[in-house]
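Before any comments, here is the structure.
The values are calculated or read from the model by the stated rules, or taken from the named source; none is laboratory data. All values derive from a computational prediction rather than experimental measurement. Please note: Cβ atoms are built from the backbone with ideal geometry, for glycine as well, and neighbour counts cover all protein chains shown.
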């Protein structure tokens with residue numbers, strides 16, 4: 001594309017310098033604190049972190065909710081993306097607009113909407129009490145269920161967009177051909193659609209899982225201190241305890257979890273070739 | 001000659017102006033009510049001292065971290081923080097011992113505010129009571145023990161132990177259980193047993209205001225400084241006067257060690273402690289006065305921690321006890337309550 005590599009490098013240089021000075025360097029310094037002590041380099045920050053029962057619980061809860069949110073988003077996302085991809089071009093454009101609409105609204109506003117829905121005087125409790133299914137309003141806020149719903153709603157559009165983009169690349173005749181050759185819908189999905197959309201699943205899965213791991217507002221508002229996740233714990237370590245070592249350890253764990261999820265999804269996708 | 005004199009006068013005026021510009025005092029304060037403070041305290045003081053105030057705001061942890069990070073060359077001259085946080089800074093040798101002879105208004109303060117953490121490392125500028133705010137149309141709270149009563153299960157929020165209200169609440173729960181409130185180990189375990197009955201453990205009073213206005217919570221302990229947010233609500237909230245009494249705390253002024261701006265800092269602290277400023281701050285319902293000479297109307301007093309009788313009746317938790325035990329309390333809290 002360029003007459004020589006120097007031109008390409010020159011064009012990339014400003015962005016590279018920006019990323020190096022304002023992202024890689026400060027994050028590197030911050031993360032290196034997780035390996036330092038007065039005696040030198042150490043892993044004691046990690047052993048200390050995982051020796052505490054609260055931290056173990058928070059780690060497992062974060063992992064569990066991340067997997068659940070990504071898994072559920074994939075299931076719902078495939079159904080939504082498949083139906084959208086079969087619409088007429090005009091209808092597809094309109095529905096796609098609706099899918100990305102939530103992304104244009106602040107996560108804070110979207111999360112507060114859940115308070116209106118899940119609160120003691122919210123729509124769900126009004127319906128439960130009104131239908132006689134519960135005598136008094138039940139506790140929905142500050143539970144793992146509330147955090148799960150909030151995160152799922154927050155990141156679902158990313159999964160649908162990724163899968164839709166992958167599905168639009170499937171040749172139009174492939175699925176009818178599979179059906180004509182006797183494949184049932186279960187076989188069509190696992191032997192045709194899934195292999196052909198695996199890249200979309202890897203991208204969507206990574207985005208949703210990583211997003212669920214690192215979202216702060218939703219767990220903070222819908223979970224509070226009773227449903228701590230790694231990111232809310234990280235905030236607490238910095239802003240309440242002024243413990244930057246533990247915060248760096250948590251940040252490193254989150255990065256490792258994100259990379260591992262991406263590698264794992266890619267490995268799964270490759271294995272299906 | 002006339003021109004030369006005019007030129008000299010202009011030079012002098014410019015030099016004076018430049019000097020005034022250089023004369024700055026950097027203070028570190030809580031971020032709430034800054035508009036009121038600007039009008040009542042900051043702007044009038046800048047006129048008096050012919051100097052510029054640089055205001056740094058943030059939560060206690062952030063501001064304490066800033067003081068510690070700049071210990072060798074302080075950027076903050078004077079700060080206002082909770083008494084236990086002041087003691088923590090003093091123990092780290094980050095605070096200057098105050099020359100109280102430079103604080104003419106010190107003698108006007110309630111005795112508890114004159115040397116709250118010992119060795120004149122701090123001086124109190126406001127007290128706050130801490131009790132239970134509740135929905136008066138639904139319940140009546142008579143004791144701190146009501147917070148853990150089965151009748152209120154699923155309707156109560158408690159402050160997190162990491163905030164200033166947390167240890168005060170635990171002290172009063174311990175007293176309500178018939179103990180003296182000095183050893184919080186037992187009461188933390190008790191809260192742990194009731195953890196599922198607690199809606200949430202809040203960190204900021206603004207968080208609680210929202211929860212109570214959304215009817216998620218009908219009773220919770222809170223500092224009196226947050227009462228104004230409840231009294232204007234359309235919902236009927238009441239301030240409890242429990243049988244065990246109200247808890248209390250104090251915020252203090254401190255000066256950083258070796259800041260090089262001591263005279264201006266003393267002048268500012270003394271101005272803040274004056275009857276005039278403390279009265280205006282109280283009338284704006286910003287802070288309850290530590291100056292015993294402040295007189296406010298009954299209506300204002302109702303919203304504050306005001307008067308010798310009330311202040312002397314408060315159950316205070318010693319700053320040293322909080323600092324000495326905080327780490328162990330948080331550890332036990334994280335294991336038995338939050339988990």
Exercise. Any residue at all in region B:77-87 that is modelled with pLDDT of 95 or more, in a loop (DSSP other than H, G, I, E, B) and more than 27 Å from residue B:52 (Cα to Cα)?
Worked result: no
Problem set entry | Residue satisfying all of: in region B:190-208; more than 14 Å from residue B:338 (Cβ to Cβ) and away from chain A (no Cβ under 14 Å); surrounded by the fewest Cβ atoms within 10 Å (Cβ to Cβ) among these | B:190
Exercise. In region A:136-152, what residues are surrounded by fewer than 19 Cβ atoms within 10 Å (Cβ to Cβ) and either within 17 Å of the chain's Cα centre (by Cα) or not assigned by TED's automatic domain parsing to the domain that holds residue A:228 (or both)?
Worked result: A:144, A:145
Exercise. What pairs come up if the first residue lies in region B:54-67 and is within 11 Å of chain A (Cβ to nearest Cβ) and farther than 16 Å from residue B:25 by Cβ, the second is at pLDDT 95 or above and part of a helix (DSSP H, G or I), and their beta carbons are under 7 Å apart, counting only those six or more places apart or on different chains?
Worked result: B:64/B:89
For this session: Pull up region A:203-224, narrow it to residues that are farther than 21 Å from residue A:256 by Cα and surrounded by 23 or more Cβ atoms within 10 Å (Cβ to Cβ), then point me to the one that is nearest to the other protein chains (Cβ to nearest Cβ).
Result: A:224
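Per-residue answers, yes or no, for (1) touching a residue at least 60 places away in the same chain (Cβ under 8 Å); (2) under 30 Å from residue B:158 (Cβ atoms); (3) outside the structural domain of residue A:30 (by TED's automatic domain parsing):
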{"residue": "A:186", "(1), (2), (3)": "no, no, yes"}
{"residue": "A:195", "(1), (2), (3)": "yes, no, yes"}
{"residue": "A:218", "(1), (2), (3)": "yes, yes, yes"}
{"residue": "A:251", "(1), (2), (3)": "yes, yes, yes"}
Seminar exercise, completed: Picking from B:272, B:333, the residue that is outside the structural domain of residue B:54 (by TED's automatic domain parsing) and crowded, with 19+ Cβ neighbours inside 10 Å would be B:333
Problem set entry | Yes/no for residue A:155 being touching a residue at least 12 places away in the same chain (Cβ under 8 Å), touching a strand residue (DSSP E or B) at 6+ places or on another chain (Cβ under 9 Å) and either closer than 23 Å to residue A:68 by Cβ or within 14 Å of another protein chain (Cβ to nearest Cβ) (or both) | no
Exercise. Quick one: in region A:115-135, which of the residues that are surrounded by 15 or more Cβ atoms within 10 Å (Cβ to Cβ) and assigned to a loop (DSSP other than H, G, I, E, B) is farthest from the other protein chains (Cβ to nearest Cβ)?
Worked result: A:122
For this session: Could you please let me know if residue B:173 is buried (at least 22 other Cβ atoms within 10 Å of the Cβ), more than 22 Å from residue B:208 (Cα to Cα) and away from chain A (no Cβ under 14 Å)?
Result: no
Exercise. What number of residues within region B:196-211 are in a strand (DSSP E or B) and within 22 Å of residue B:32 (Cα to Cα)?
Worked result: 2
Problem set entry | In region B:212-226, residue farthest from the other protein chains (Cβ to nearest Cβ) [restricted to those that are buried (at least 22 other Cβ atoms within 10 Å of the Cβ) and in a helix (DSSP H, G or I)] | B:224
